[in-house]
1. Lysines within cross-link reach of residue 110: Cα-Cα under 19 Å, excluding same-chain residues under 8 positions apart?
2. Determine the sum of side-chain charges near residue 63: Lys and Arg each +1, Asp and Glu each -1, restricted to other residues whose C-beta is under 12 angstrom from that of residue 63.
3. Which residue, chosen from 188, 104, 33, occupies the Cα position most advanced towards the positive end of the dipole of the chain, where the dipole is computed from +1 (Lys, Arg) and -1 (Asp, Glu) charges on Cβ about the Cα centre?
4. Taking 0.36 nm per intervening residue step and subtracting the Cα-Cα distance, what contour gain separates residue 43 from residue 74 on full extension?
5. Charges at C-beta only: +1 for Lys and Arg, -1 for Asp and Glu. How large is the resulting dipole of the chain about its Cα centre, in Debye rounded to 20?
6. Where both residues lie in the chain, what percent of DSSP beta bridges are antiparallel, nearest 5?
7. Could you report region 99-199's accessible area per residue, 1.4 Å probe, as an integer in Å²?
8. What accessible surface, in Å², does a 1.4 Å probe find on residue 55, ignoring ligands, DNA and RNA and rounding to the nearest 10?
Amino acid sequence: MIAVSIVSHGHGDMVARLVGQLLAFPEVAQIILTLNVPESVALPDDARLTVIGNVEPKGFGANHNAAFVHCTQTFFCPLNPDIEFDRNPFPVLSAALTDDRVALVAPLVKSPDGKIEDSMRYFPTPASLLMKALGGSDGRYVVCEGQANFAPEWVAGMFMLFRSRDFHDLGGFDERFFLYYEDVDICVRAWQKGMKILACPKVSVIHDARRDSRRSLRHLRWHLGSMARFLWKHRGQLPKVVGDTR
């Protein structure tokens, strides 16, 4: 069974709608909702739902790590509050985790207009980031909806389904990344420990992306700071991933 962790930053009705969708899925046995800022949310009265109210805002990794303390399920799923479902992806994703080598799976992510988002990428390096800045490749995998599962180097933190024991063994997210790159970092560490990451394009979710780093100076600073931290932390030590399919 699955424990889902959601962090709300004033998302209000969006979070209430997401919680309602999740409670309808039989695989979801636990929802841990963290209110990172004070807000009033109309939520259902359900024993599967735990609400945490932060006194002060925390970063992405710190919030999900704190939620994991409450996890009592076999699987743990950090999930963005702006995710929506058009169908239940968890049966397919859970089936992928029956392989003990797989620590983490992720679905295909689409925008509200149906376009495939860049949620599965190659590890960033100074050279690849420079190429991107100059208008070259942004490092994404070319993915088609419905294709076979494959092993990408990293998947975005908007939807990650972990085996709980592996999330624990990894020590959770590195809380030194306040926002951005903590998802890339945990994927690097998973591959380094011999764990496997799997993308499952046969199922998808909808993500209403805000791209705050492109509009907010504060988010841009966080993004650039996390990028620098990641490059320094993993300088010359990125694992070589063989992207097999199955």
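1. 202
2. Working: positive: 58; negative: 56, 175, 182.
For residues surrounding residue 63, the net value is -2.
3. 188
4. Values: separation 31, 0.36 × 31 = 11.16 nm, distance 2.47 nm.
The span from residue 43 to residue 74 would gain 8.7 nm if fully extended.
5. On the way: 28 positive and 27 negative charges, 175 e Å.
That gives the chain a dipole magnitude of about 840 debye.
6. On the way: 13 of 38 bridges.
Taking every DSSP beta bridge within the chain, about 35 percent pair in antiparallel fashion.
7. Details: 4220 Å² over 101 residues.
Result: 42 Å² per residue.
8. 150
The values are calculated or read from the model by the stated rules, or taken from the named source; none is laboratory data. Model, not experiment: these values are computed from the prediction. Methodologically, a virtual Cβ is constructed for each residue, glycine included, from the backbone with ideal geometry; neighbour enumeration extends over all protein chains shown. Note: accessible area is taken over every heavy atom of the protein model, side chains too, but ligands, DNA and RNA are not part of it. Shrake-Rupley method; radii C 1.70, N 1.55, O 1.52, S 1.80 Å.
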